[in-house]
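Asker: For reference, the structure I am asking about is given below.
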Amino acid sequence: MIEEKLAQLGLTLPQLPVSKGIYKSCLVDGKHLYLSGHVSVNSDGSYITGKLGKDLDEAQGQIAARQCGLAMLASIKNHLGDLDNVKRVIKILGMVNATPEYDKHPLVINGCSELFVQLWGDDNGKGVRSAVGMGSLPANVAVEIEAIFELH
Amino acid sequence: MIEEKLAQLGLTLPQLPVSKGIYKSCLVDGKHLYLSGHVSVNSDGSYITGKLGKDLDEAQGQIAARQCGLAMLASIKNHLGDLDNVKRVIKILGMVNATPEYDKHPLVINGCSELFVQLWGDDNGKGVRSAVGMGSLPANVAVEIEAIFELH
Amino acid sequence: MIEEKLAQLGLTLPQLPVSKGIYKSCLVDGKHLYLSGHVSVNSDGSYITGKLGKDLDEAQGQIAARQCGLAMLASIKNHLGDLDNVKRVIKILGMVNATPEYDKHPLVINGCSELFVQLWGDDNGKGVRSAVGMGSLPANVAVEIEAIFELH
């Protein structure tokens with residue numbers, strides 16, 4: 001069902017970049033699914049880079065945040081086989097690569113939050129959230145988001 | 001009882017700013033209460049802004065951190081109706097808007113931690129904590145804090 | 001067994017700096033062990049300071065990250081008495097003190113992740129992870145890492 005909704009929205013899951021780190025992309029602990037920080041990638045797995053407040057505007061930042069969300073879905077599909085096992089969003093931490101003066105992080109991270117509401121609805125698609133500005137991010141990616149979901 | 005303690009301390013819960021993001025301010029998952037990043041607001045809901053190391057000193061930063069804690073209490077009261085449902089602090093992530101040279105983040109975040117100890121005591125009021133420096137924060141707020149509590 | 005592995009690796013647990021903050025270094029909640037942000041310290045408890053991208057190179061950053069991991073182990077030993085109570089890593093948040101241009105945070109945090117894999121193996125030693133760049137950190141430490149572990 002989630003895959004059908006993605007198709008209706010005209011969205012595709014990105015290719016996952018080869019991880020160079022020593023970690024799991026996702027981990028199941030009881031009813032909870034933990035997701036590593038997923039960075040902003042294009043459909044082909046190349047990075048979306050740049051700082052908000054200098055290189056990218058809000059619309060570009062929102063796309064970057066949405067792509068973080070789609071990258072998480074690709075990891076979940078890889079790991080669980082089925083996106084329909086996810087019940088709801090518990091928590092996301094949205095980290096925006098930004099200049100010291102930047103102040104619109106929530107608008108950027110909405111790009112991911114809107115996707116989750118489109119997929120899981122207004123209640124289950126919304127978790128708690130922080131949307132904050134990082135001094136720097138790996139490979140100069142625009143956005144990195146980590147999450148905790150609840151499984152059925 | 002928590003409300004009485006607040007009154008004894010001469011503290012009032014701030015008005016919550018209208019959220020522009022797509023998230024829940026707090027979310028219950030079993031015995032755990034997750035709180036979104038709550039930003040530093042005055043009693044009237046206006047933002048306490050500025051960077052530590054440039055615009056604000058430690059005393060001002062501590063008040064900003066305490067106001068984040070009070071804003072969380074306002075969200076909990078809104079959501080649960082009763083602040084006495086909280087049993088203890090599990091974890092807080094204290095995020096300070098700071099210059100690259102700033103190095104006194106723990107002192108600032110103590111403003112929130114001291115409040116929680118005043119309300120829930122030396123054991124239950126203390127959780128694990130990180131107190132760190134962000135490159136930027138939404139609306140240039142001075143402090144943003146997210147938390148996990150345990151409920152009775 | 002974990003202590004024997006540490007000895008075989010030639011590693012010693014650092015002296016824990018006296019905490020000036022109002023928090024617990026670690027906290028048990030059911031099967032979960034939460035660790036506060038632990039900063040990069042030398043064996044004698046003195047801080048490893050400086051920014052990646054300016055003051056420290058990747059090799060130095062990796063040692064700093066490993067020392068954060070060892071500091072966590074020292075806290076766990078202090079609190080639980082026995083390092084063998086830890087079953088697996090659930091999640092780490094690796095925070096690197098870095099210049100705005102820095103882009104190799106995952107390499108740095110690998111210093112901690114490699115230690116955990118050496119101690120708990122390729123499956124249990126790997127959790128989910130974010131490795132990100134902070135604008136500033138307390139006492140200008142190079143790295144700060146917080147974690148959640150699962151207990152036996």
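Asker: Taking the Cα atoms only, what angle lies between the long axis of helix A:105-120 and the longest principal axis of chain A, rounded to 10 degrees?
Answerer: 20 degrees
Asker: Normalised by the residues of chain C, what does the relative contact order come to in percent, with Cα pairs under 8 Å and at least six apart?
Answerer: Once normalised by length, the contact order is 34 percent.
Asker: With the cut-off at 1.5 for a/c, could you classify the protein assembly as shown from its C-alpha gyration tensor as rounded, prolate or oblate?
Answerer: The shape class here is rounded.
Asker: Taking the Cβ of A:V86 as the center, what net charge do the other residues with Cβ under 13 Å away carry, scoring Lys and Arg +1 and Asp and Glu -1?
Answerer: +1
Asker: On to the next question. Would you mind checking the tilt of helix C:58-80 against the longest principal axis of the Cα atoms of chain C, expressed as 0 to 90 degrees and rounded to 10?
Answerer: Relative to chain C, helix C:58-80 is tipped by roughly 30 degrees.
Asker: What is the local net charge at B:L137, summed over the other residues whose Cβ is closer than 13 Å to its Cβ (Lys, Arg +1; Asp, Glu -1)? Show your work: numbers first, answer last.
Answerer: Values: positive: A:K104, B:K51; negative: A:E101, A:D103, B:D55, B:E144, B:E146.
Once positives and negatives cancel, what remains is -3.
Asker: With r defined as the distance between the Cβ atoms of C:E101 and A:H32 and R0 fixed at 45 Å, what FRET efficiency is calculated, to the nearest 0.05? If you can, show how the numbers build up before the last one.
Answerer: Values: r = 36 Å, r/R0 = 0.79.
Once rounded, the FRET efficiency stands at 0.80.
Asker: Moving on to the next point. A:K87: which aspartates and glutamates have alpha carbons under 13 Å from its alpha carbon, excluding same-chain residues fewer than 8 sequence positions away?
Answerer: Cα-Cα hits under 13 Å: A:D122, A:D123, A:E150, B:D29.
Asker: Work out the FRET efficiency for C:H152 and C:V18 from their Cβ-Cβ distance, taking R0 = 30 Å, and round it to the nearest 0.05. If you can, show how the numbers build up before the last one.
Answerer: Values: r = 30 Å, r/R0 = 1.01.
That pair, C:H152 with C:V18, gives E of 0.50.
Asker: Right, another one. Name the residue, out of C:G94, C:G69, C:G81, whose mean-square fluctuation peaks in a Gaussian network model built on chain C with Cα pairs under 10 Å.
Answerer: The residue that fluctuates most here is C:G81.
Asker: Between C:A131, C:A71, C:A139, which gets the highest mean-square fluctuation from a Gaussian network model of chain C, Cα cutoff 10 Å?
Answerer: In this elastic network of chain C, the residue with the biggest mean-square fluctuation among C:A131, C:A71, C:A139 is C:A139.
Asker: If you build a Gaussian network model of chain B, linking Cα atoms that sit under 10 Å apart, which residue out of B:A98, B:A65, B:A142 swings the most?
Answerer: B:A98
Asker: Excluding A:E58 itself, what net charge comes from residues whose Cβ is under 12 Å from its Cβ, given Lys and Arg +1 and Asp and Glu -1?
Answerer: Values: positive: A:K104; negative: A:D57, A:D103.
Charge balance near A:E58 sits at -1.
Asker: Could you give the semi-axes, largest first, of the ellipsoid that matches the stretch B:75-151, computed as the square roots of 5 times the alpha carbon gyration tensor eigenvalues and rounded to whole Å?
Answerer: Numbers: eigenvalues 125, 42, 16 Å².
In descending order the semi-axes read 25, 15, 9 Å.
No lab work stands behind these numbers, since they all come straight from the coordinates. All values reported here derive from a predicted model rather than from experimental measurement. Using ideal geometry, Cβ is built from the backbone for each residue, glycine included, and neighbour counts are taken over all protein chains shown.
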